[in-house]
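So the structure is just underneath, and the comments pick up after that.
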Amino acid sequence: MTGIAWADETLAARNDVGARSDAPGKAKQMITPDVEFDHRRTDRLVIRRFGPGDASSFAAYRSAPTVALYQGWETPFTESQARVFIDGLGAAHPDTPGEWFQFAIAEAATGVHVGDVAAGVDADDPRLVAVGITLARSSQ
């Protein structure tokens with residue numbers, strides 16, 4: 001998902017949730033989350049942070065009963081709810097253990113917002129991330 005810089009540290013000095021053990025007596029501790037992530041691009045898609053201009057399309061696909069069927073939100077999902085959700089992402093950090101963070105998915109050729117990727121960083125082992133993808137029906 002995002003880049004992380006690691007620093008060596010002895011297990012004797014620290015052995016907590018943020019530490020990773022690779023060798024006896026050694027750990028690697030997460031020290032620098034990637035705060036500058038902007039986007040990742042393929043030939044077809046761009047994964048990027050949400051912006052205010054995504055509220056209408058976000059609300060539209062989250063309101064579709066077939067898209068929301070196995071999700072945790074109620075329909076309809078209003079544009080006002082979408083704006084509040086997107087605004088909340090501005091204060092959130094994608095690497096926060098125990099939290100979920102959404103990234104927008106857009107078509108590379110057109111820039112049209114077509115879905116999102118949810119990344120949930122494991123609270124006990126922040127090297128692990130659960131990923132979920134939601135796409136507008138027209139992009140499935």
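The values are calculated or read from the model by the stated rules, or taken from the named source; none is laboratory data. Bear in mind the structure is a predicted one, so any value in this text is a computation, not a measurement. Here Cβ is always computed from backbone atoms with ideal geometry, including for glycine, and neighbour counts include all displayed protein chains. SASA here: full protein model, heavy atoms, side chains in, ligands and nucleic acids out. Shrake-Rupley method; radii C 1.70, N 1.55, O 1.52, S 1.80 Å.
Couple of notes before you dig in:
- Descending Cα extents along the principal axes, the range 46-97, whole Å: 30, 25, 22
- With a 1.4 Å probe rolled over the protein heavy atoms of all chains, the accessible area of THR75, THR66 falls in the order THR66, THR75, largest first.
- Loop sites in the range 60-140: trypsin sites (Lys or Arg not before Pro), DSSP, at most 14 other Cβ within 10 Å: ARG127
- Normalising by residue count, the range 84-138 has a Cα convex hull of 92 Å³ per residue.
- Top positive-direction residue, dipole computed over the range 54-137 with Cβ charges, set VAL117, ALA64, GLN102: ALA64
- Under 5 Å between amide hydrogens, built in the peptide plane, is the criterion, and for ALA108 it picks out LEU45, VAL46 among residues at least 5 positions away or on other chains.
- Net charge of the neighbourhood of SER80, taken over other residues with C-beta under 13 Å away and scored Lys/Arg +1, Asp/Glu -1, is 0.
- Computed over the range 35-140, the alpha-carbon pair-distance distribution with 5 angstrom bins reads 2, 12, 21, 25, 21, 13, 5, 0, each value a whole percent.
- Heavy-atom accessible area with a 1.4 Å probe sorts GLU36, GLU99, largest first, into GLU36, GLU99.
- In order through the range 124-140: 3J(HN,Hα) via Karplus (6.51 cos²θ - 1.76 cosθ + 1.60), integer Hz, x for Gly, Pro: 8, 9, x, 7, 9, 9, 8, 10, x, 10, 10, 10, 4, 3, 5, 10, 7
- For ALA136, residues with placed amide H under 5 Å, excluding near neighbours: GLY115
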